[in-house]
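Peer 1: Okay, here's the structure, questions in a sec.
The values are calculated or read from the model by the stated rules, or taken from the named source; none is laboratory data. Because the structure is a prediction, the values reported are computed rather than measured. Here Cβ is always computed from backbone atoms with ideal geometry, including for glycine, and neighbour counts include all displayed protein chains.
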Amino acid sequence: MTTTTTTTTPGTTPADGSPVLEASGVTMRFGGLTAVQNVDLTVGSGEILGLIGPNGAGKTTFFNCLTGLYVPTEGTVSYKGKVLPHRSHLVTQAGIARTFQNIRLFANMTVLENVLVGRHTRTREGLWSALLRGPGFKKAERESEERAMELLEFTGLTAKREHLARNLPYGEQRKLEIARALASEPGLLLLDEPTAGMTASETSATRDLVLAVREQGTAVLVIEHDMRFIFNLCDRVAVLVQGQKLVEGSPEQVQNDDRVVAAYLGTPFEGAPGAEEAAEVQAAEQAATAAPGGSDTATGRGRNDSEEGGKD
């Protein structure tokens, strides 16, 4: 079979919109092990871009570099032309929101309260305003609740507004995570395996929801292992294999690329890192996440910021 995939030149803008996100030369090392190596990626305005790859390919590590949970060893990440700070709450404030591979809801808070948490970067009221509860605070509180209710209606969760998040079915918990992320009014939404563990009907509903998010003007970057979901949803697809971007192109081009088939079947291709090296990188990532201080242990700083519910 002849390889037909054409890759996008790093730094170029996709044809369907001006760049929202530009990642250039992003590299993440854990000690002497490289989890992500020299990855360039651009997401256009109004675009849905899929990021796929075998287990341990570095997809979530790359997401963590984009959202300030990890400080990249090398490279830069820019949002609408401005280099992002290495603080997750400042990344959210800039206009990037995300969900997590493992659900990060506030289990003992209501559905409405979870969405209201996502509004914290868009409210201007400070400590004294909150303590005194003056007219400005009450107005901001009312506006936040109105916006939260709009998002619950958008995601089909209006009837569950007073339910505790922990009591929602799994598929609705995923919807609630998306609603909370959207509460920060992002220009780019990052979804980390949004259909993991879902039934076919739930997966279909998630696809419709992501398309509706795009229709509202928000670009989407999504990690997913469900290839049918990705290829039916995305405008472009990028493939990571053992920390390196292997291929980038249309869904049709990526599906027909020999290197992608080889990567998923476990067949080595020219220049591919060995399985032993890949296992070492995966172990280093797990150790960094499990260590005291969580994911920020890998960056050499303590974690005191929040990004809509946790870390991955």
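Peer 1: In this structure, does A35 turn out to be closer than 27 Å to L157 by Cβ, part of a strand (DSSP E or B) and touching a residue at least 24 places away in the same chain (Cβ under 8 Å)?
Peer 2: No; evaluated as a whole, the condition is false for this residue.
Peer 1: Conditions: (1) modelled with pLDDT under 95; (2) closer than 22 Å to R119 by Cβ. A200 meets all but one. Number of the miss?
Peer 2: (2)
Peer 1: Under 6 Å by Cβ, and 6 or more places apart or on different chains, what pairs join a residue from region 139-164 that is in a helix (DSSP H, G or I) with one that is of a type in the set (D, E)?
Peer 2: Matching pairs, first to second residue: A140/E125.
Peer 1: Given the criteria of a type outside the set (D, E) and more than 24 Å from R180 (Cα to Cα), does Q216 qualify?
Peer 2: No: the conditions fail for Q216.
Peer 1: For a quick check of your reading of the model, give me the residue pairs whose first member lies in region 221-250 and is free of Cβ contacts under 8 Å to residues at least 60 places away in the same chain and closer than 19 Å to A196 by Cβ, whose second is in a loop (DSSP other than H, G, I, E, B) and β-branched (V, I, T), with beta-carbon atoms closer than 6 Å and at least 6 apart or on different chains.
Peer 2: Pairs found: D226/T195; F229/T195.
Peer 1: Restricted to region 38-70, and to residues that are in contact with a Lys or Arg (Cβ under 6 Å, 6 or more places away or on another chain) and in a strand (DSSP E or B), which residue is farthest from C234 (Cα to Cα)?
Peer 2: V39
Peer 1: Being surrounded by fewer than 18 Cβ atoms within 10 Å (Cβ to Cβ), of a type outside the set (S, T, N, Q), under 21 Å from C234 (Cβ atoms) and at pLDDT 95 or above is true for just one of L188, L211. Which residue is that?
Peer 2: Of L188, L211, the one residue that is surrounded by fewer than 18 Cβ atoms within 10 Å (Cβ to Cβ), of a type outside the set (S, T, N, Q), under 21 Å from C234 (Cβ atoms) and at pLDDT 95 or above is L211.
Peer 1: Next question, about the same structure. Looking at region 191-199, can you tell me whether even one residue there is part of a helix (DSSP H, G or I), out of contact with any Phe, Trp or Tyr (no Cβ under 7 Å at 6 or more places or on another chain) and either among the aromatic types (F, W, Y) or more than 26 Å from V39 (Cβ to Cβ) (or both)?
Peer 2: No.
Peer 1: Could you list, in sequence order, the residues of region 56-81 that are more than 17 Å from V222 (Cβ to Cβ) and out of contact with any helix residue (DSSP H, G or I) (no Cβ under 7 Å at 6 or more places or on another chain)?
Peer 2: Within region 56-81, T73, E74, G75, T76, S78, K80, G81 qualify.
Peer 1: With the condition kept exactly as written, say whether any residue in region 239-258 is assigned to a helix (DSSP H, G or I) and buried (at least 21 other Cβ atoms within 10 Å of the Cβ).
Peer 2: Yes, region 239-258 has at least one match.
Peer 1: Also, quick follow-up: So which of G274, G302, G266, G293 is farther than 30 Å from V115 by Cβ and at pLDDT below 60? First the steps, then the outcome.
Peer 2: Values: G302 fails: farther than 30 Å from V115 by Cβ; G266 fails: at pLDDT below 60; G293 fails: farther than 30 Å from V115 by Cβ.
Within the list G274, G302, G266, G293, the selection yields G274.
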